[in-house]
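Data first, discussion second: the structure below is written as structure tokens.
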Amino acid sequence: MPAWLAIAISRIRGLLLARRLDDDFDCEVEAHLAMLTEENVRRGMPLDEARRAASIRFGGPVQIKEQQRTDRNLPFIETTMQDIRYGLRALRKHPAYSAVAIATLAIGIGAGTAVFSVAGAVLLRPLPYAEPDRLVRIFETNPLKNWTRNIASPANYADWQSQNKVFTDVAAYEQFNSNGSGANDVFLTGQGEPQGLKSLGVTGNLFRTLGTAPLLGRTFTDEETFEGKARVAILSNGIWQSVFAGDPGIVGRTVALSGRTYDVVGVMPRDFFFPGRDVQIWLPVAYQPSIFTRSRRPHWLGVVGRLRPGVSIQQAQAEMDTIARGLERQYPDTNTQMGVRLETLHGSLAFEPRPALLMLSGAVGVLFLIVCANLANLQLGRASVRTRELTIRRALGAGRRRLARQLLTESLVISVSGGVLGFGLAVLARAALVRLAASTIPLFAEVRLDRSVVLFDVALSLIAPVVFGVIPALRSSRPEGLNERSDAVSRDARFLRGALVAAEVALSVVLVVGAVLLVRSLMRLQAVDPGFDQEHVVTFKLTLPTARYPGNVERLRAWLEIDRRLREVPGVQAAGAASTLALRGFTWTGDSTVEGRAENDYERELRHKSVTPDYFKAMGIPLIAGRNVDDRDGIDQPAVTVVNQALAQQYFRGADPIGKRITFGRPQDRAPWITIVGVVADEKQDGLDKVVQPQVYSSVRQQMQNPLTFALRSNLDEASVVAAARREVQAVDRDLALTSVTTMKAVVDESMGDHRFRTALLSVFAGVALFLAALGIYGVLAYFVSQRSRELGIRLALGAKPKALFQMVVTQGMRPVAVGATVGLLGAVALTTLMQSLLFGVGAIDPATYAVATVTLTAISLAACAIPALRATRVDPLVALRDE
């Protein structure tokens with residue numbers, strides 16, 4: 001065995017068996033002393049003199065024991081354990097200080113850990129695919145259509161797949177929504193009550209592209225994707241466990257989905273998801289190749305590619321740009337200025353939440369620094385009452401390094417205690433987030449307190465004492481500082497504590513300005529008119545199974561019967577349906593042309609919605625001009641449409657649109673002309689903060705859609721309306737289920753969920769920061785008053801007015817506040833400009849916001865100064881001078 005290893009093992013053994021070895025060595029020392037004493041007695045010495053001579057000859061027993069303990073142990077670990085035990089005793093001895101310090105740290109570390117658990121789940125945790133960094137999303141771009149990250153058309157996808165040389169594979173999936181997973185509602189029957197599930201159509205090579213093998217069975221083949229002949233399905237692990245009880249023989253079983261039977265061919269692993277955790281079943285896209293490769297107008301595919309080894313995303317972007325230019329030359333009608341944009345798959349999924357999470361991460365970092373500055377101030381104040389203790393330790397031989405190490409260890413004990421409590425707060429915060437703000441978490445992310453979160457909490461607990469404990473420890477251990485009264489007159493001590501207060505104030509100003517900006521933005525957002533009356537409206541989605549309703553005639557008959565029954569429900573004032581609900585985003589789009597325009601003069605990005613006659617009445621959308629669609633607008637009648645104000649203004653530039661005709665397509669497409677019969681108010685489509693796009697409303701009789709979302713206006717309670725609607729729907733078809741049941745008020749609230757979440761969280765951070773800053777100001781002034789009580793007593797005895805003393809103390813306290821506020825406002829100007837994408841209706845440089853933040857900070861700071869200042873005016877001169 002190497003010598004160094006033997007020594008290390010021996011020292012570790014000495015540390016672990018210290019008590020037994022100490023007892024053995026004590027016995028050995030006593031035996032040696034006894035033998036020497038006995039020898040001296042035999043020489044004729046008296047017993048006491050013999051013992052004394054034996055001790056002198058043997059050497060100091062205490063020193064020998066200490067040297068032996070040092071030689072056999074690990075001295076650094078032993079002294080550290082001593083410091084930890086002393087730190088724990090100090091915490092018990094000063095419970096008020098300990099409680100404040102630990103609670104303050106728990107807030108900072110808990111907030112940091114909670115935000116990291118969310119940010120890590122969204123931004124840092126790798127996706128559960130093979131080499132996920134080589135997976136990219138492929139988007140369409142087009143400045144003519146204001147597209148920067150649009151989903152792709154089938155033909156463009158087919159050309160990308162066949163012409164590229166930078167990807168090993170390119171796969172696609174249905175994404176009829178520009179955001180989210182694009183999952184469809186299907187209904188599983190034959191397993192008890194019908195269950196609503198989320199399914200996603202994918203190309204046969206998707207799982208191969210992702211590099212994920214199934215847990216059971218196999219994935220789709222390319223042949224199963226083409227022609228749509230094979231009805232096969234792949235189950236998520238969650239559905240396999242919850243619905244089929246983890247049946248190992250599930251592969252090969254037949255399941256019924258929305259009236260059609262599918263053979264289960266595979267089950268995916270437990271951690272697998274794509275593209276969001278809401279998808280429970282994957283089905284083949286099932287398309288006709290001849291149609292698929294010619295379809296360039298509808299855009300409904302999300303596209304994923306895997307980069308070849310050695311190919312960077314920049315190289316892939318260059319090649320895809322070349323392919324896009326070639327397609328533009330080949331298909332000018334559909335691909336004019338159509339470009340391509342590549343993003344990492346993880347980056348594309350986190351694109352929307354990234355700015356908010358980075359802002360919150362920065363905010364919690366600022367809060368952590370405020371916590372550390374506050375604790376450093378507390379440490380400096382506590383050091384003033386420990387001067388005598390540290391002086392005695394220094395006199396007994398403790399060096400500056402040893403004292404500083406002891407003080408840092410005490411800080412570490414406080415920090416670890418705060419970290420443990422902070423992790424508990426993070427656990428509670430996660431539970432509250434999952435329960436109250438689940439809609440703000442992206443569909444692909446799963447917030448959990450895993451090993452990385454625990455390590456982050458530990459890291460903060462270890463970093464914190466370095467940040468808040470080093471300066472107090474170094475200053476308190478200075479030889480020239482170990483004087484009983486030095487802190488009462490030390491200018492550098494006062495300057496250091498004032499600088500810490502100024503730093504707290506400056507950081508707090510940044511948080512307060514950011515919070516006020518978000519509050520004002522949220523208030524502006526809440527004041528936006530959504531274009532409809534959200535009160536007393538219940539909505540739900542219905543999907544007609546294609547197996548039982550294969551054609552438009554069957555579907556129309558069912559829709560009209562359901563619509564009639566719902567309108568006749570007692571207490572329902574109006575009932576209507578639309579293919580897409582307001583604020584729920586994407587509807588199908590296309591080009592359009594106004595009659596009389598030149599063939600090259602056509603409009604782009606026209607949104608289409610199919611509605612029943614009473615949809616506008618049920619939603620409370622005002623009619624501006626003309627009429628709504630009604631029962632006269634049948635399939636055998638001239639095509640008509642109602643348009644929104646955005647279309648009327650953009651297409652007709654102030655002219656009356658009633659009676660004008662448009663086509664859904666380009667003039668050369670020879671599409672039929674459609675007459676505009678009405679104009680309605682703009683209803684918000686993608687969000688309250690988004691600009692309304694031109695939109696047309698066609699009668700469901702003339703433009704069939706499936707599924708439809710029904711809206712029922714009623715003064716009855718939600719449960720009664722839903723129960724009555726379910727009864728009427730099942731009277732038409734008992735297998736139909738209501739899904740996405742909600743109210744329009746809830747839809748509006750949900751659309752502002754992200755805004756509310758980040759506003760509430762940053763406001764809490766700002767409130768805590770203000771409280772800690774006020775605590776720091778109060779602590780400095782209270783220390784100032786206590787240390788200068790004699791001076792204040794003399795001033796009062798010599799005739800100073802209490803008002804003058806009050807002003808002096810307040811001025812002393814507000815001086816670092818003014819410096820910190822100035823620095824903080826300058827920093828806020830620089831940092832809040834990064835928040836511009838998160839704001840609505842208010843600029844990052846908003847004078848009202850800065851004024852509110854300044855007034856708030858000033859008021860809180862004055863309140864913190866007032867208590868010590870009042871105490872200064874009530875100093876009794878006789879008591880203050882008693883010790884003189």
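The values are calculated or read from the model by the stated rules, or taken from the named source; none is laboratory data. Remember, it's a predicted structure, so these values are computed and weren't measured experimentally. Note that each Cβ is placed from the backbone with ideal geometry, even for glycine, and that neighbours are counted across all protein chains shown. Each accessible area value is taken on the protein alone, full model and side chains, heavy atoms only, with ligands, DNA and RNA left out. Shrake-Rupley method; radii C 1.70, N 1.55, O 1.52, S 1.80 Å.
Structure values in brief
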| read-out | value |
| --- | --- |
| Number of positions in segment 524-559 that are loosely packed, with under 15 Cβ neighbours inside 10 Å, of a type outside the set (Lys, Arg) and closer than 19 Å to residue 726 by Cα | 0 |
| Flag if residue 519 is assigned to a helix (DSSP H, G or I) and either at pLDDT below 95 or open to solvent by 60 Å² or more (accessible area, probe 1.4 Å) (or both) | yes |
| Single residue of segment 786-815 satisfying the filter (outside any helix (DSSP H, G or I) and of a type in the set (A, V, I, L, M, F, W, C)) that is surrounded by the fewest Cβ atoms within 10 Å (Cβ to Cβ) | 798 |
| Hey, residue 514 surrounded by 20 or more Cβ atoms within 10 Å (Cβ to Cβ), part of a loop (DSSP other than H, G, I, E, B) and either out of contact with any His (no Cβ under 7 Å at 6 or more places or on another chain) or polar (S, T, N, Q) (or both) or not | no |
| Residue in segment 613-636 that is among the hydroxyl-bearing types (Ser, Thr, Tyr), farther than 13 Å from residue 594 by Cβ, touching a residue at least 40 places away in the same chain (Cβ under 8 Å) and part of a helix (DSSP H, G or I) present | yes |
| Contacts under 6 angstrom Cβ, first residue in segment 501-516 being over 16 Å from residue 778 (Cα atoms), partner open to solvent by 20 Å² or more (accessible area, probe 1.4 Å) and not in a helix (DSSP H, G or I), 6 or more apart | none |
| Residue tally, condition without any contact (Cβ under 8 Å) to a residue 24 or more places away in the chain and either basic (Lys, Arg) or outside any helix (DSSP H, G or I) (or both), over segment 718-737 | 3 |
| Selected residue [at pLDDT below 85, part of a helix (DSSP H, G or I) and assigned by TED's automatic domain parsing to the domain that holds residue 375] from 818, 782, 828 | 782 |
| Test: residue in segment 694-717 that is open to solvent by 10 Å² or more (accessible area, probe 1.4 Å), assigned to a helix (DSSP H, G or I) and under 30 Å from residue 433 (Cα atoms) | no |
| Sole exception among (1) small (Gly, Ala, Ser); (2) open to solvent by 40 Å² or more (accessible area, probe 1.4 Å); (3) touching a Phe, Trp or Tyr at 6+ places or on another chain (Cβ under 9 Å) for residue 252, by number | (3) |
| Unique residue being β-branched (Val, Ile, Thr), modelled with pLDDT of 95 or more and either surrounded by fewer than 18 Cβ atoms within 10 Å (Cβ to Cβ) or over 28 Å from the mean Cα position of the chain (by Cα) (or both) when the list is 322, 334, 391 | 322 |
| Residue that is acidic (Asp, Glu) and closer than 20 Å to residue 204 by Cβ, where the choices are 263, 247 | 263 |
| Count - residues of segment 522-560 that are assigned to a helix (DSSP H, G or I) and either out of contact with any Ser or Thr (no Cβ under 6 Å at 6 or more places or on another chain) or aromatic (Phe, Trp, Tyr) (or both) | 13 |
| Pair list, Cβ < 6 Å and 6+ apart or interchain, from segment 831-844 residues that are part of a loop (DSSP other than H, G, I, E, B) to residues that are open to solvent by 50 Å² or more (accessible area, probe 1.4 Å) | 840/524; 840/689; 841/524; 842/520; 844/833; 844/836 |
| Residue check, residue 219 modelled with pLDDT of 95 or more and hydroxyl-bearing (Ser, Thr, Tyr) | no |
| Residue match in segment 661-678 (condition: open to solvent by 40 Å² or more (accessible area, probe 1.4 Å) and either modelled with pLDDT of 95 or more or of a type in the set (A, V, I, L, M, F, W, C) (or both)) | yes |
| Strands (runs of 3 or more DSSP E) completely within segment 82-179 that count 2 or more residues being crowded, with 22+ Cβ neighbours inside 10 Å and touching a Gly at 6+ places or on another chain (Cβ under 6 Å) | 135-142, 167-174 |
| Sole exception among (1) modelled with pLDDT of 85 or more; (2) touching a helix residue (DSSP H, G or I) at 6+ places or on another chain (Cβ under 7 Å) for residue 440, by number | (1) |
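Residues are listed down the side, and each one gets a yes or a no for (1) free of Cβ contacts under 8 Å to residues at least 40 places away in the same chain; (2) touching a strand residue (DSSP E or B) at 6+ places or on another chain (Cβ under 6 Å); (3) surrounded by fewer than 18 Cβ atoms within 10 Å (Cβ to Cβ); (4) in the same structural domain as residue 513 (by TED's automatic domain parsing):
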site	(1), (2), (3), (4)
739	no, yes, yes, no
746	yes, no, yes, no
758	no, no, no, yes
763	no, no, no, yes
768	no, no, no, yes
772	no, no, no, yes
777	no, no, no, yes
